[in-house]
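The values are calculated or read from the model by the stated rules, or taken from the named source; none is laboratory data. These figures come from a predicted structure and were not determined experimentally. No Cβ is skipped: glycine too gets one built from the backbone with ideal geometry, and neighbour counts run over all protein chains shown. Heads up: the accessible areas ignore ligands, DNA and RNA and are worked out on the full protein's heavy atoms, side chains in. Shrake-Rupley method; radii C 1.70, N 1.55, O 1.52, S 1.80 Å.
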Amino acid sequence: MGYDKMKAPVEDTKLSLAFSNEATAATETSATFTEVELSTTDLDGYVDVSSHLEADSDVPLAALLLDQFLEAYAGKIDSAVFTGEGDPVSGTFLGFGQSVVFGAGSTHFSELITANLFSAVSKLPTYRRNGAKWYIGRDNLWTYVNQLKDEQDRYLFISDPSTTSPGKILGYQVEEIEYYPTTAASTAMALYANLKSFIIGD
């Protein structure tokens, strides 16, 4: 970002096309956009290092700390995107997109059934599915999703439990995330989405 504020268009209504006779003038179409404004916020921190520790260490502490800062930076961005509560983002995109409510009126993650996963995919238009993935927290993935079995007691998404998970659900890649909502009410256990248009001003 070159400034404290950055504005970007957000697709609201897509344009439409129509077949017409060759001699007929083209039909006017329109697309509508809303506008979002990104505001800068600091993501920062610092570490005090004793000069004695630095002098006595055979390992360059600055390099170690740089690795830690890079890891913390990436983790904090993930945390903001997937678990944020409105500042700087809403986490699991509250108020946007579609959500699938568990059947039978249950809100507990243990009640997950495959129909919920099929329903989630069906909510995303086909033109948005190119590049779509599942984003699932580590515990949610291994405790609930990967535990799903068929009527013959076979795992649905892991053909051989002795091997690593194939990393796909219903044909779509799975991103296992470390920062994700808790299992409390009104939180999402999994996100099926195409995030290519998610904007992070850096």
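Looking at Gly167, Gly137, Gly131, can you tell me which residue is touching a strand residue (DSSP E or B) at 6+ places or on another chain (Cβ under 8 Å), at positive phi and not hydrophobic (A, V, I, L, M, F, W, C)?
Every option except Gly167 fails the conditions.
I'd like to check something: does region 69-83 contain any residue that is surrounded by 11 or more Cβ atoms within 10 Å (Cβ to Cβ), part of a loop (DSSP other than H, G, I, E, B) and modelled with pLDDT of 80 or more?
For region 69-83, residues surrounded by 11 or more Cβ atoms within 10 Å (Cβ to Cβ), part of a loop (DSSP other than H, G, I, E, B) and modelled with pLDDT of 80 or more: absent.
Between a first residue in region 1-15 that is modelled with pLDDT of 85 or more and a second residue that is outside any loop (DSSP other than H, G, I, E, B) and of a type in the set (A, V, I, L, M, F, W, C), which pairs have beta carbons less than 8 Å apart while being 6 or more apart in sequence or on different chains?
Lys5/Leu38; Met6/Leu38; Lys7/Val36; Lys7/Leu38
Specify which of the listed residues (Glu54, Glu22) is touching a helix residue (DSSP H, G or I) at 6+ places or on another chain (Cβ under 7 Å) and without any contact (Cβ under 8 Å) to a residue 12 or more places away in the chain.
Glu54
Taking interchain pairs and intrachain pairs at least six residues apart, which have beta carbon atoms under 6 angstrom, with the first residue in region 110-135 and touching a residue at least 40 places away in the same chain (Cβ under 8 Å) and the second β-branched (Val, Ile, Thr)?
Ala120/Val100; Trp134/Ile169; Trp134/Val174; Tyr135/Ile177
Which one is nearest to Lys168 (Cα to Cα), of the residues in region 113-141 that are open to solvent by less than 30 Å² (accessible area, probe 1.4 Å) and assigned to a strand (DSSP E or B)?
Selected residue: Trp134.
If you check Arg129 against the conditions, is it under 30 Å from Lys14 (Cα atoms), of a type in the set (Lys, Arg) and modelled with pLDDT under 90?
Taking the combined requirement at face value, the residue satisfies it.
Scan region 11-26 and tell me whether some residue there is under 33 Å from the mean Cα position of the chain (by Cα), closer than 23 Å to Asp202 by Cα and either assigned to a strand (DSSP E or B) or aliphatic (A, V, I, L, M) (or both). Lay out the reasoning, then the answer.
Applying the first criterion (under 33 Å from the mean Cα position of the chain (by Cα)) to region 11-26 yields 11-17.
Filter again for closer than 23 Å to Asp202 by Cα, leaving 11.
Filter again for either assigned to a strand (DSSP E or B) or aliphatic (A, V, I, L, M) (or both), leaving 11.
Yes, region 11-26 contains a residue that is under 33 Å from the mean Cα position of the chain (by Cα), closer than 23 Å to Asp202 by Cα and either assigned to a strand (DSSP E or B) or aliphatic (A, V, I, L, M) (or both).
Go through the residues of region 26-42 one by one and say whether even a single one is free of Cβ contacts under 8 Å to residues at least 12 places away in the same chain, within 30 Å of Pro125 (Cβ to Cβ) and open to solvent by less than 100 Å² (accessible area, probe 1.4 Å).
The answer is yes, given that some residue of region 26-42 is free of Cβ contacts under 8 Å to residues at least 12 places away in the same chain, within 30 Å of Pro125 (Cβ to Cβ) and open to solvent by less than 100 Å² (accessible area, probe 1.4 Å).
For region 1-10, enumerate the residues that are charged (D, E, K, R) and part of a strand (DSSP E or B).
Answer for region 1-10, where residues must be charged (D, E, K, R) and part of a strand (DSSP E or B): Lys5, Lys7.
How many residues, within region 43-67, are of a type in the set (S, T, N, Q) and surrounded by 11 or more Cβ atoms within 10 Å (Cβ to Cβ)?
Within region 43-67, residues that are of a type in the set (S, T, N, Q) and surrounded by 11 or more Cβ atoms within 10 Å (Cβ to Cβ) number 1.
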